[in-house]
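Enquirer: Please find one structure pasted underneath; my questions will follow.
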Amino acid sequence: MSDVEIVKAAKKRHRCSWCAEGIEAGETYKRYRWFGDDGPATVKMHPECYDAMIELSQEWGEDIEWHEGDNPRGCNCGHSKGCDRCDTKKAQTHNL
Ligand SMILES: [Zn+2]
Ligand SMILES: [Zn+2]
């Protein structure tokens, strides 16, 4: 993986390469270059999604493969039911 750049404020709306949710203009996101089977691409992620991705790759001890939308925002459970982290997040959202 190459250098990761932190973009403090997105100039326009992007889509997160991890959770497929929007990265709104003005939001912070992380990006890095990725050389995949289809050639170079730029990966853009919410900071919490990037953390979730790093966590997963450290757990596996290797580079991981994923597809956009495979995982919920800020988590790496693969949308599994009963994920504590996602449940906590949902509970917080309800309280807003
Ligand atoms: Zn995301
Ligand atoms: Zn989860």
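The values are calculated or read from the model by the stated rules, or taken from the named source; none is laboratory data. Only a predicted model underlies this, so the values are computations on that prediction, with no experimental measurement involved. With ideal geometry, Cβ positions are generated from the backbone for all residues, glycine too; neighbour counts draw on all protein chains shown. With ligands, DNA and RNA removed, areas are computed over all heavy atoms of the protein, side chains included. Shrake-Rupley method; radii C 1.70, N 1.55, O 1.52, S 1.80 Å.
Enquirer: Please work out how many pairs of lysine residues in the chain are eight or more positions apart (or on different chains) and have Cα atoms closer than 15 angstrom.
Expert: Here the count comes out as 9.
Enquirer: Calculate, for the chain, the solvent-accessible area per residue in square angstrom, rolling a 1.4 angstrom probe over the heavy atoms of the protein chains. Numbers along the way, then the final one.
Expert: Values: 6530 Å² over 96 residues.
Per residue, the chain has an accessible area of 68 Å².
Enquirer: Another question, if that's okay. Accessible area of LYS90, 1.4 Å probe, to the nearest 10 Å²?
Expert: 120 Å²
Enquirer: Okay, moving on. In region 3-96, which GluC sites (Glu not before Pro) fall in coil by DSSP and have 10 or fewer other Cβ atoms within 10 Å?
Expert: Within region 3-96, the qualifying GluC sites (Glu not before Pro) (loop, at most 10 other Cβ atoms within 10 Å) are GLU62, GLU65.
Enquirer: Can you pull the percent of region 5-95's accessible area that's carbon plus sulfur, 1.4 Å probe, other chains left in place?
Expert: Summing carbon and sulfur atoms, their accessible area is 47 percent of the total for region 5-95.
Enquirer: For ARG15, ARG33, ARG85, what's the largest-to-smallest order of accessible area, 1.4 Å probe? It would help to have the intermediate numbers written out before the result.
Expert: Working: ARG15 145, ARG33 120, ARG85 90 Å².
Listed by decreasing accessible area, they come as ARG15, ARG33, ARG85.
Enquirer: Return a whole-number percent for the relative contact order of region 5-95, with Cα pairs under 8 Å and 6 or more residues apart as the contact set.
Expert: 25 percent
Enquirer: In cubic angstrom, how much convex hull volume per residue do the alpha carbon atoms of region 5-95 span?
Expert: 106 Å³
Enquirer: Can you tell which of GLY22, PHE35, ASN71 lies farthest toward the positive end of the dipole of the chain, using +1 and -1 charges on the Cβ of basic and acidic side chains (Lys, Arg; Asp, Glu)?
Expert: GLY22
Enquirer: From the phi angles alone, apply the Karplus equation (6.51, -1.76, 1.60; θ = phi - 60°) to region 67-75 and give each ³J(HN,Hα) in whole Hz, x where the residue is Gly or Pro.
Expert: Coupling constants for region 67-75: 10, 3, x, 5, 10, x, 4, x, 9 Hz.
Enquirer: Taking the chain as a Gaussian network, where each spring joins two C-alpha atoms under 10 Å apart, which residue of ARG13, ARG31, ARG73 fluctuates the most?
Expert: Per the Cα network of the chain with a 10 Å cutoff, ARG13 tops the list.
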